[in-house]
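Q: The structure under discussion is supplied below as structure tokens; questions concerning it will follow.
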Amino acid sequence: MTTAGRFGIYGGAFVPETLVPALEELEAAMNEALADPAFIAELDGWLYDYAGRPTPLTLARRLTEACGGAEIWLKREDLVHTGAHKLNNALGQVLLARRMGKTRIIAETGAGQHGVATATVCACFGLECVVYMGREDIRRQALNVYKMGLLGAEVRPVDSGSRTLKDATNEAIRDWVTNVENTHYVIGSVVGPHPYPTLVKRFQRVIGDEARRQALQRWGALPDTVVACVGGGSNAIGIFTAFLEDEDVELVGVEAAGRGIETGEHAASLEAGRPGVLHGAYSYLLQDANGQVRETHSISAGLDYPGVGPEHAALRDAERARYVTCTDGEALRSFHRLCRMEGIIPALESSHALAVAERLARELGPGHRVLVCLSGRGDKDIDTVRAVSGAGEGDS
Amino acid sequence: MTAATAGRFEAAFAAGAAGGRPGIIPYVTAGFPGPDDTAPLLLACQRAGSLAAEVGIPFSDPLADGPTIQSAGWRALEQGMTPARAISEVARARDAGLTIPVAAMTYINPVLTMGIEAFAGACAAAGIDGVIVPDLPVEEAAGLAASLGAHGVAHIPLVAPTTPTSRVARVAATAAGFIYCVSVTGTTGARESVSPAALDLLERVRSVTALPRALGFGISRPEHVEALTGHCEAVVVGSALLDAIASGGDDPGAIAERFVRELRGVGAAG
């Protein structure tokens, strides 16, 4: 195995030969664009004048009091236009695709946030946009499906496999193999073949760059702990990257334990998987004894993915970040607490990070600060929450 | 044993090198349509005069495959097919008289799970002559190619219409047996015609290597094979064959035999 595009032993580019020249072209275009001040200025213009950056750092005042420990601070990616951090990456990649002369954009989506973000940017530039989405996710995320239609994108249902994000990604890659001449594939997370994990990290690191600056301005100090949820892991890489050199800052990724690791119905690749190749990258993977990729479960569609970005695997091996899990039930309870104590309806994905932040805040005790990436807002999850919560829980 | 397996492709291509129609390499998914159908299908392909055969070891997430091979693989997995069992189906066919070369096609994750060295050894022991891994470009292939080579099994790489000629040369340098030429920018699955890009690719491959060329992805009809006379040494036909098997009744072997004969342009007696 070569070292190109590797994070430790993870990463690489395991793709059909047809795509190899396209990935080389993308890598060259990425390096050229990111070194061009005009490109960075154009991207910043969109991030600050359109997407609504910078996002605030908010003290979760009542939640902190209830936990009785460290202060819990929220990096408010839920306030980015379209309701999640996904727009940071979609803007960057579509701007890059335009620079490369691509006229057609495709994407995969799980919760629908990345699909909505990509459709949004394509609307801004009048680009054709096709979004692949598993049939099961279409059922779970009807609101986002409708939004993508409003924005002019075509949502193509995927009926293969488990009909979720993994299968939508397969189908998007097959589309790209077929239409590679005029099409750019906007991957939504720090997964996939090189250079995608590096490219998506570059466009998401704005989260942590801002948060670190805000922390220093506001507190004159860095957080003790940074917590983020991990499906593919783009919001986590986005907030972790700025703190990697700050050795005293603990980085904690939270995987979805679903109905419990012991039930097998979860999506915790780092916790319960072993290394393998999915979607072009070597990383931790939930798979059976024969190397077939396993079906996963999480109440949150955005975490319902059997793989994880290769840099997370490397950060764990290097013990620079640690990874823990949170069940559906724990995430739901934190979802409700944030609604009622802070007036913020969080995405179910972000609720996993919140649950662990509450746990860590109690352990750390007063005088410390926990920074949570509130990666998205929960409007898209209302139907799911209504279906699984007790009748009185939503309005008690 | 290993020396003999490495030679099967050479012998088969040498025997067919008369400038005639390309030889036929039928593709069957191991465990499709039923768990015990694979060895009989391979023998039927041999009876029909196939140059070689390709056996797909199913994987849950086959990125390079279109709907036909995806669903065949899915069905095989649901019926319990595993990489070890797929390999043993080839051994079973060899015991029953299969002498044509056999290539196994699978994805890299099942290979890594078995272990590259164990996989290469199992292939050699079962009489598999070559291995095709469509998600393993040349940058990632050195380890597998070395292990296969040590066991006398050919590493058969793929090139595509988007592959620059300089890269074709680099890929060809790692190849044994033959070069798998992908006819389209796309996934496997039957197509209406053979594209000009495919003919261009075949010429570019010939300009950098003397290895036999097999064209695959989309080849489905006798007229495609006829039209490729003089352009390549073999064609791989998968989805069209699996479609015929899936819709053709309860004797997959007879269907495959008839299908391959038609592709060869010979009658039932040929």
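Q: Among A:ALA153, A:PRO193, A:VAL177, pick out the residue whose Cα is farthest towards the positive end of the charge dipole of region A:125-213, where Lys and Arg carry +1 and Asp and Glu carry -1 on C-beta, about the Cα centre.
A: Comparing the listed Cα positions along the dipole, A:PRO193 ranks first.
Q: A:LEU59: net charge of surrounding residues, Cβ under 12 Å, Lys/Arg +1, Asp/Glu -1, itself excluded?
A: Around A:LEU59, the charge tally is +3.
Q: When only Cα pairs under 8 Å and 6 or more residues apart are kept, what is the percent relative contact order across region A:255-396?
A: For region A:255-396, the relative contact order is 19 percent.
Q: A further question on this structure: In chain B, if the dipole is taken from +1 on Lys/Arg beta carbons and -1 on Asp/Glu beta carbons about the Cα centre, which of B:THR165, B:VAL237, B:LEU112 is farthest to the positive end?
A: B:THR165
Q: How compact and how long is region B:7-262, expressed as Rg and Dmax of its alpha-carbon atoms in Å?
A: Spelled out, the Cα radius of gyration and Dmax of region B:7-262 are 16.4, 47 Å.
Q: With a point put 7 Å past each Cα toward its Cβ, work out how far A:THR263 is from A:HIS81 in nm, to one decimal.
A: Using points 7 Å along Cα→Cβ, the separation is 4.0 nm.
Q: Once you have the Cα-Cα distance between A:ASP248 and A:LEU150, take 0.36 nm times their residue separation minus that, and quote the gain in nm to one decimal.
A: Answer, rounded to one decimal: 30.7 nm.
Q: Could you state the principal axis extents of the C-alpha atoms in the protein assembly as shown, from the largest down, to the nearest angstrom?
A: 86, 51, 44
Q: Rounded to two decimals, what is the ratio between the C-alpha radius of gyration of chain A and 2.2 N^0.38 Å?
A: My calculation over the Cα atoms of chain A gives 0.91.
Q: Tell me, what is the FRET efficiency for A:ARG139 and A:CYS339 to the nearest 0.05, using R0 = 22 angstrom and their Cβ-Cβ distance as r?
A: 0.40
Q: Right, something else. Suppose a student asked you for the relative contact order of region B:7-262, using Cα pairs under 8 Å spaced at least 6 residues apart; what percent would you report?
A: Reported relative contact order: 24 percent.
Q: Also: What's the angle, to the nearest 10 degrees (0 to 90), between helix A:37-49's Cα axis and the longest principal axis of chain A?
A: Here the helix axis deviates by roughly 50 degrees.
Q: Okay, moving on. Output the antiparallel fraction of DSSP beta bridges having both residues in the protein assembly as shown, as a percent to the nearest 5.
A: 20
Q: Something else: Taking R0 as 25 Å, what's the FRET efficiency between B:SER195 and B:ALA118 from their Cβ-Cβ distance, rounded to 0.05?
A: After rounding, the FRET efficiency stands at 0.05.
Q: Here's something else I'd like to know. Can you compute 3J(HN,Hα) from phi for each residue in region A:347-363, using the Karplus curve 6.51 cos²θ - 1.76 cosθ + 1.60 with θ = phi - 60°, rounded to whole Hz and x for Gly and Pro?
A: Karplus values, whole Hz, x for Gly and Pro: 4, 4, 4, 5, 4, 5, 5, 4, 4, 6, 4, 4, 4, 5, 4, 5, 5.
Q: At a threshold of 8 angstrom on Cα-Cα distance, excluding pairs fewer than six apart, so keeping six or more, what relative contact order does chain A reach in percent?
A: After rounding, I find 21 percent.
Q: Would you calculate the volume per residue, in Å³, of the smallest convex hull containing every Cα atom of region A:48-97?
A: Enclosed volume per residue, from the Cα hull, is 78 Å³.
Q: For the protein assembly as shown, what is the accessible area per residue in Å², given a 1.4 Å probe and the full set of protein chains?
A: Here the residues of the protein assembly as shown average 34 Å² of exposed surface.
Q: May I pose another question? Using θ = phi - 60° and the Karplus curve 6.51 cos²θ - 1.76 cosθ + 1.60, what whole-Hz ³J(HN,Hα) does each residue of region A:112-129 get, with Gly and Pro shown as x?
A: Using θ = phi - 60°, the values come out as x, 5, 5, x, 5, 4, 5, 4, 4, 5, 4, 4, 4, 10, x, 9, 4, 9 Hz.
Q: Taking 7 Å along the Cα-to-C-beta vector as the label spot, tell me the A:ALA221-A:ALA4 distance in nanometres, rounded to one decimal.
A: 4.7
Q: Now for a separate question. In Å², rounded to the nearest 100, what is the total accessible surface buried by chains B and A against each other with a 1.4 Å probe?
A: 2800
Q: Right, another one. Go through region A:150-156 residue by residue and turn each phi into a ³J(HN,Hα) via Karplus (6.51, -1.76, 1.60, θ = phi - 60°); whole Hz please, and just put x for glycine and proline.
A: 4, 7, x, 8, 9, 9, 9
Q: Hey, how many Å between the Cα centroid of region B:187-227 and the Cα centroid of region A:152-191?
A: Taking the Cα centre of each part, region B:187-227 and region A:152-191 sit 26 Å apart.
Q: Determine the distance separating the Cα centre of region B:36-54 from the Cα centre of region B:133-168; give it in Å without decimals.
A: After rounding, the separation between the Cα centres reads 25 Å.
Q: Treat each spin label as a single point 7 Å out from the Cα along the C-beta direction, and report the A:GLU363 to A:ASP44 distance in nm.
A: Distance between the two pseudo-spin positions: 3.8 nm.
Q: Output the lone cysteines of chain A: those with no second cysteine's C-beta under 4.7 Å from their C-beta.
A: Unpaired cysteines in chain A: A:CYS67, A:CYS124, A:CYS229, A:CYS326, A:CYS339, A:CYS373.
Q: Return the percentage of antiparallel bridges among DSSP beta bridges fully within chain A, rounded to the nearest 5 %.
A: Restricted to chain A, the bridges split so that about 30 percent are antiparallel.
Q: For chain A, modelled as a Gaussian network with Cα springs under 10 Å, which listed residue fluctuates most, A:VAL180, A:VAL308, A:VAL158?
A: Of A:VAL180, A:VAL308, A:VAL158, the most mobile in the Gaussian network model is A:VAL180.
Q: I'd like the accessible area for B:ASP36: 1.4 Å probe, protein heavy atoms, all chains in place, Å² to the nearest 10.
A: Counting only protein heavy atoms, the figure is 90 Å².
Q: If R0 is 35 Å, what FRET efficiency do you get for B:ALA150 and A:ARG274 from their C-beta distance, rounded to 0.05?
A: E(calc), rounded to 0.05, equals 0.85.
Q: Now for a separate question. Which percent of the Cα-Cα distances in region A:228-337 go past 18 Å?
A: That tail contains 46 percent of the Cα-Cα pairs.
Q: In region B:7-262, carbon and sulfur make up what percent of the accessible area (probe 1.4 Å)?
A: 56
Q: Further, regarding this structure: Ignoring any ligand, DNA or RNA, what whole percent of the accessible area of chain A comes from carbon and sulfur when the probe is 1.4 angstrom?
A: For chain A, the apolar C and S fraction of the accessible surface comes to 49 percent.
Q: Looking at region B:7-262 only, what percent of DSSP beta bridges run antiparallel? Nearest 5 please.
A: Restricted to region B:7-262, the bridges split so that about 0 percent are antiparallel.
Q: Starting from the alpha-carbon convex hull of region B:42-150, give the projected area averaged over all orientations, in nm².
A: Hull-based average projected area comes out at 7.0 nm².
The values are calculated or read from the model by the stated rules, or taken from the named source; none is laboratory data. Just so it is clear, the model here is predicted, and its values are computed rather than measured. Note: ideal-geometry Cβ built from the backbone for every residue, glycine included; neighbour counts use all protein chains shown. Heads up: the accessible areas ignore ligands, DNA and RNA and are worked out on the full protein's heavy atoms, side chains in. Shrake-Rupley method; radii C 1.70, N 1.55, O 1.52, S 1.80 Å.
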